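What follows is one structure encoded as structure tokens, with my remarks underneath.
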Amino acid sequence: MLFVIIGNMTVHAQTPLDYGEITDSLKNKAEVIFLGKYKSYRGAGFRSQGRNIHRLHFGFEVVKVMKGEINTQNMPKGGLKYYKTSQYYWILLTPSQNTKRLLLQKMIDPAKLINEEEVIAILSAKTEK
């Protein structure tokens, strides 16, 4: 399982979609499409604006890769405690070369974020059964 962290992300309410219901224009723009489960977990501390130390991280656990290449075996391990699991989302990305290398690594550093410019869309997904 991979955990992808996207910086400064906001998701707006929308109707959940199946993969086939995503428009072809969005699919053609994206190099990487995956179904992700939005989660928050307690991890290593980081400083926000040089002051407070925060330990809560947010990101997407990769459930299924539909297009592109992602190493799905690089979930950060080591005593993670999940606080909240939200619904599923379709994440459509056009990753830069650095981000492509990051997605194929064996272990992702939680401090590395995917830039907002690389995200085409984050769409609500119908729960897979």
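Sorting the segments 15-24, 30-39 by their residues' average number of neighbouring beta-carbon atoms within 10 angstrom, most packed first, yields 30-39, 15-24. Taking 7 Å along the Cα-to-C-beta vector as the label spot, tell me the ARG101-ASN115 distance in nanometres, rounded to one decimal. Each label point lies 7 Å from its Cα, and together they span 1.5 nm.
Where a number appears in this text, it was derived from the coordinates with a stated rule and is not lab data. From a predicted model like this one, the values you see are computed outputs, not experimental measurements. So basically every Cβ, Gly included, is an ideal-geometry build from the backbone, and we count neighbours across all protein chains shown.
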